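What follows is one structure encoded as structure tokens, with my remarks underneath.
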Amino acid sequence: METPTWPRVPSSEAAVARMLLLSWVLLQVARTSGTTEVVVAYNLTWKSTNFKTILEWEPKPINHVYTVQISPRLGNWKSKCFYTTDTECDLTDEIGNDVNQTYQARVLSYPADATDYSGEPPFTNSPEFTPYVETKLGRPTIQSFKQVGTKLNVTIRDTRTLVRRNGTFLSLRDVFGKNLIYTLYYWKASSTGKKTAKTDTNEFLIDVDEGQSYCFSVQAAIPSRKANQRSPESPIECTSHEKEVLLIIVIVVLVVLILTIILSVTLYKCRKVHARQSGKESSPLNAA
């Protein structure tokens, strides 16, 4: 019986096949053990108050870093916050030159050794953002207040922003003009019934009852907006009629006390002079 013969693979072809198989195995091992997949950012959110504008996103990076780019509509992309491990980027400087423009941002993800990265990084686009209509109004600050008789004067401090015009930083009033409205809520300190007054300036001058203390707070608003119309209310401030009366009493007491001291010193000096003169008149030399 003859032994069957099998076709033999040339030794050179077998060696090449083994090398290709080994290379493929090593490549798979390198892919699974040597690198990790870059994570794409998500949940991109604009946070903006009085035009202070920050872009936030997730997740916290582990083996990767981020770079943020921002662009006005139909404009060029500008990179910010290069290769950062943070999950937020302050973009106030980029929106401050034109708050009426609509902006879009994107977050690019890079491997941790991003300086040597030459590929096209994955990225996620943010929603569009128009600062003028979307930035939130911060809580207003009361600069001063004074109640004199039947008048209450309240002045609101004009909040400064990082919005620039011709190199100068503008206030909220400079940016919004008459569109910015302040509402004053005021009530007697002994009552809960509130009244309101509105102004498109930073000054209130309202009529009140003489001799009564009043409490009040202020709220900013832009009625023309569809959203983010109102700010939080300012902290409550109160006038104090009792303190004014007490101050007047203290001043009167001090004046009376000073006059009493002056009168006492004057009388003492007069008595001393009179006593000296009386002593001279009754001395033996004068009698002789």
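Details
- Take the conditions (1) modelled with pLDDT under 95; (2) open to solvent by less than 80 Å² (accessible area, probe 1.4 Å); LEU55 misses just one of them, which is (1).
- Per the conditions (1) at pLDDT below 95; (2) in a strand (DSSP E or B), the sole criterion not satisfied by LEU74 is (2).
- Scanning the range 137-188 for residues that are among the small types (Gly, Ala, Ser), in contact (Cβ under 8 Å) with a residue 24 or more places away in the chain and closer than 24 Å to ILE95 by Cα yields a count of 1.
- Residues of the range 115-157 classified as open to solvent by 50 Å² or more (accessible area, probe 1.4 Å) and assigned to a loop (DSSP other than H, G, I, E, B), total: 7
- Pairs linking a residue in the range 47-71 that is over 14 Å from PHE129 (Cα atoms) to a residue that is charged (D, E, K, R), with Cβ atoms under 7 Å and 6 or more positions apart or on different chains, are VAL68/LYS80.
- Which numbered condition THR201 fails, given (1) farther than 15 Å from GLU233 by Cα; (2) in a strand (DSSP E or B); (3) open to solvent by 40 Å² or more (accessible area, probe 1.4 Å); (4) among the polar types (S, T, N, Q): (2)
- SER213 vs. criteria among the small types (Gly, Ala, Ser), open to solvent by 50 Å² or more (accessible area, probe 1.4 Å) and either over 16 Å from VAL99 (Cα atoms) or modelled with pLDDT of 95 or more (or both): no
- Checking every residue in the range 96-106 against the condition of being part of a strand (DSSP E or B), open to solvent by less than 50 Å² (accessible area, probe 1.4 Å) and either closer than 30 Å to LYS195 by Cα or of a type in the set (Phe, Trp, Tyr) (or both) gives at least one match.
The values are calculated or read from the model by the stated rules, or taken from the named source; none is laboratory data. Every value quoted in this text rests on a predicted model; they were computed, and no experiment measured them. Neighbour counts run over all protein chains shown; Cβ positions are idealised from the backbone, glycine included. Heavy atoms of the whole protein, side chains included, go into the accessibility calculation; ligands, DNA and RNA do not. Shrake-Rupley method; radii C 1.70, N 1.55, O 1.52, S 1.80 Å.
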